[in-house]
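*Asks:* Quick one: structure below, then a few questions.
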Amino acid sequence: MLDLQSLTSKLPTRVKNQLESYFEALEILTEVKDPKVLSALGPSGVRGMILQRGKQGVPTKIHSGHYAFFDWSYPHDNAEMADLYRRAKKGQWDGEDLPWNISVDPYDPNVPLLPEKFVDLDVLAKFGVRLDDKTKLVLSHSMTSWMLSQFLHGEQGALFAAAQVTESVQFFDGKFYGATQVMDEGRHVEVFRRYLETKLEKLYQINDNLFVIIDSLMSDSRWDMKFLGMQIMVEGLALGAFGLMYKMTKEPLLKALLKNVIQDEARHVHYGVCALREHFNKHITEAERREREDWAFEVALLMRNRFMAYEVFEEHYEGILTRAQWREFVLASPGLQEFRKTMFSRLVPNLREIGLMSPRILQHYERVGLMQYFGGVAADKLSGDQMIHELDREADALAAA
Ligand SMILES: [Fe+2]
Ligand SMILES: [Fe+2]
């Protein structure tokens, strides 16, 4: 048995951290028990976590080998998607109409980007790091920029995935709808980029775990895997994260931006549920369904604890804290705990709705504590307006507490 601690204790900090990140990558890859899932995720894991392809400068090229699905008969083949398309056309907005004239000062304690209790400063103090008022705001600026940078990178993935899916989906009404999603995602890239560039003036590189998921679904030639990965898993994750930040931030421009983006994303997840519910129930074999069920569970696990903001650690705390201490700090932070809760409360009901929650897999969700979300409302029953209404109510409760 390898003792990593004694093996690396004499190495310089940077090398030691690098080695530890390799071991973490191996640990994630060996969590995946299903060989089909491993062969789908493994190469992306190597490219993302070992080779760190997302961090090697531009451009990053990802090969995709999907078929474009043409239909010269132009059928009206899905009423629910046709309705979504109508709603999406009416719901278009212009990113330039957001109140960009608001000046944002990340260091203004009266308009915090994130509440102070988003992180648990006692954990840092336990490791001998005490923050004064200024460094608390520096950390908050970094964490917000890190999260928004990951949103932006995720949106770029969504833009390309939406374009691929528009080509390869077999529903013609889905193609119309997909065209609006491509526009939506383009606009999301526009507004997040502008916010980071002109207001926070900070951009972090893509997180390795996010890269793995994006690489995996971009390079998978099966359209429904792209759909499952992007429309259900990544969009579900994003919707949870956007909702949480919308609820917590006091910065009015960011709040307005997120409110609009959430409305669009609610439609995107609805589309994913609508397309996959039909496809998984009618068009695939039981073996194929099981593979997708396992894949979704493994990706859910990857997402659960793996977004550790190591990029912020490397910037401020490398050499001061160990990676393990930083991980403990992140895992204990109330904001990120809430984030995981929000994310899975959105995701699990959607997986149930598309038929990826058979009794066989339920016990695994039970084991990792995710079954509590099973009874929630799926995206096809929840509009963007309802979602915002719910978030506003939760934000009020938070402010009153
Ligand atoms: Fe988006
Ligand atoms: Fe989206």
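*Asks:* Any residue in the stretch 273-280 that is farther than 30 Å from ASP97 by Cβ and aliphatic (A, V, I, L, M)?
*Replies:* Looking for residues that are farther than 30 Å from ASP97 by Cβ and aliphatic (A, V, I, L, M), one finds at least one in the stretch 273-280, hence yes.
*Asks:* Run GLU167 past the list (1) touching a residue at least 24 places away in the same chain (Cβ under 8 Å); (2) buried (at least 20 other Cβ atoms within 10 Å of the Cβ); (3) more than 27 Å from MET308 (Cα to Cα) and report the number of the one that doesn't hold.
*Replies:* The number of the failed condition is (2).
*Asks:* Name the pairs whose Cβ atoms lie under 8 Å apart, with the first residue in the stretch 59-72 and touching a residue at least 40 places away in the same chain (Cβ under 8 Å), the second assigned to a loop (DSSP other than H, G, I, E, B) and polar (S, T, N, Q), and 6 or more positions between them or separate chains?
*Replies:* Note: pairs meeting the criteria are SER64/SER221; GLY65/SER221; HIS66/SER221; TYR67/SER221; PHE69/GLN170; ASP71/GLN170.
*Asks:* Inside the stretch 114-206, counting only helices (runs of 4 or more DSSP H) that do not spill past its ends, which hold 3 or more residues that are within 15 Å of ligand 1 (Cβ to nearest atom) and on the phi > 0 side of the Ramachandran plot?
*Replies:* Hits in the stretch 114-206: none.
*Asks:* Regarding PHE242, is this residue within 14 Å of ligand 1 (Cβ to nearest atom), in a helix (DSSP H, G or I) and hydrophobic (A, V, I, L, M, F, W, C)?
*Replies:* yes
*Asks:* Here is a follow-up. If I ask for residues that are under 28 Å from HIS141 (Cα atoms), of a type in the set (D, E, K, R) and in a helix (DSSP H, G or I), which ones from the stretch 309-360 would you list?
*Replies:* Selection gives GLU311, GLU314, GLU315, ARG323, ARG327, GLU328, GLU338, ARG340, LYS341, ARG346.
*Asks:* Could you please find all residues in the stretch 361-398 being surrounded by 12 or more Cβ atoms within 10 Å (Cβ to Cβ) and either part of a loop (DSSP other than H, G, I, E, B) or at positive phi (or both)?
*Replies:* VAL368, LEU370, PHE374, GLY376, VAL377, ALA378, LEU382, SER383 - these are the residues of the stretch 361-398 that are surrounded by 12 or more Cβ atoms within 10 Å (Cβ to Cβ) and either part of a loop (DSSP other than H, G, I, E, B) or at positive phi (or both).
*Asks:* Tell me, please, whether a residue that is more than 21 Å from PRO252 (Cβ to Cβ) and within 15 Å of ligand 2 (Cβ to nearest atom) can be found in the stretch 121-128.
*Replies:* no
*Asks:* Give the stretch 151-170 a look and list any residue that's of a type in the set (S, T, N, Q) and within 14 Å of ALA68 (Cα to Cα), or say none.
*Replies:* GLN164, THR166, SER168, GLN170
*Asks:* Looking only at residues that are of a type in the set (Gly, Ala, Ser) and part of a helix (DSSP H, G or I) in the stretch 207-230, which one is nearest to GLN52 (Cα to Cα)?
*Replies:* Among those that are of a type in the set (Gly, Ala, Ser) and part of a helix (DSSP H, G or I), it is SER216.
*Asks:* A follow-up question, please. Would a scan of the stretch 132-144 turn up a residue that is within 21 Å of TYR246 (Cβ to Cβ) and within 16 Å of ligand 2 (Cβ to nearest atom)?
*Replies:* No, because not a single residue in the stretch 132-144 is within 21 Å of TYR246 (Cβ to Cβ) and within 16 Å of ligand 2 (Cβ to nearest atom).
*Asks:* LYS33 versus (1) loosely packed, with under 14 Cβ neighbours inside 10 Å; (2) at pLDDT 70 or above; (3) not in a helix (DSSP H, G or I): which is the lone unmet condition?
*Replies:* Just one mismatch for LYS33, condition (2).
*Asks:* Right, next: Being touching a Leu at 6+ places or on another chain (Cβ under 9 Å), within 26 Å of GLN92 (Cα to Cα) and either aromatic (Phe, Trp, Tyr) or away from ligand 2 (no atom under 12 Å from the Cβ) (or both): is that true of LYS226 here?
*Replies:* So LYS226 fits the description; yes.
*Asks:* If I ask for residues that are surrounded by 18 or more Cβ atoms within 10 Å (Cβ to Cβ) and out of contact with any Gly (no Cβ under 8 Å at 6 or more places or on another chain), which ones from the stretch 105-120 would you list?
*Replies:* PRO106, PRO112, LEU113, ASP120, listed by residue number.
*Asks:* Could you tell me whether ARG222 is of a type in the set (D, E, K, R) and within 16 Å of ligand 1 (Cβ to nearest atom)?
*Replies:* Taking the combined requirement at face value, the residue does not satisfy it.
*Asks:* Separate question: Looking only at residues in the stretch 74-103 that are among the hydrophobic types (A, V, I, L, M, F, W, C) and surrounded by fewer than 18 Cβ atoms within 10 Å (Cβ to Cβ), which one is farthest from TRP146 (Cα to Cα)?
*Replies:* ALA79
*Asks:* Given the structure, is ARG277 more than 16 Å from ligand 1 (Cβ to nearest atom), part of a helix (DSSP H, G or I) and not hydrophobic (A, V, I, L, M, F, W, C)?
*Replies:* Spelling it out, ARG277 is indeed more than 16 Å from ligand 1 (Cβ to nearest atom), part of a helix (DSSP H, G or I) and not hydrophobic (A, V, I, L, M, F, W, C).
*Asks:* Looking at LEU228, LEU258, which is the one that is within 15 Å of ligand 1 (Cβ to nearest atom), at pLDDT 90 or above and buried (at least 24 other Cβ atoms within 10 Å of the Cβ)?
*Replies:* On inspection, the qualifying residue turns out to be LEU258.
*Asks:* In the list PHE329, PHE280, PHE339, PHE307, which residue meets the criterion of being of a type outside the set (Lys, Arg), crowded, with 21+ Cβ neighbours inside 10 Å, away from ligand 2 (no atom under 16 Å from the Cβ) and at pLDDT 90 or above?
*Replies:* Unique residue meeting the criteria: PHE329.
*Asks:* State yes or no: is GLN181 modelled with pLDDT under 95, out of contact with any strand residue (DSSP E or B) (no Cβ under 6 Å at 6 or more places or on another chain) and closer than 18 Å to MET230 by Cβ?
*Replies:* No, not satisfied.
The values are calculated or read from the model by the stated rules, or taken from the named source; none is laboratory data. This structure is a prediction, so every number in the text was calculated from the model and none was measured. Please note: Cβ atoms are built from the backbone with ideal geometry, for glycine as well, and neighbour counts cover all protein chains shown.
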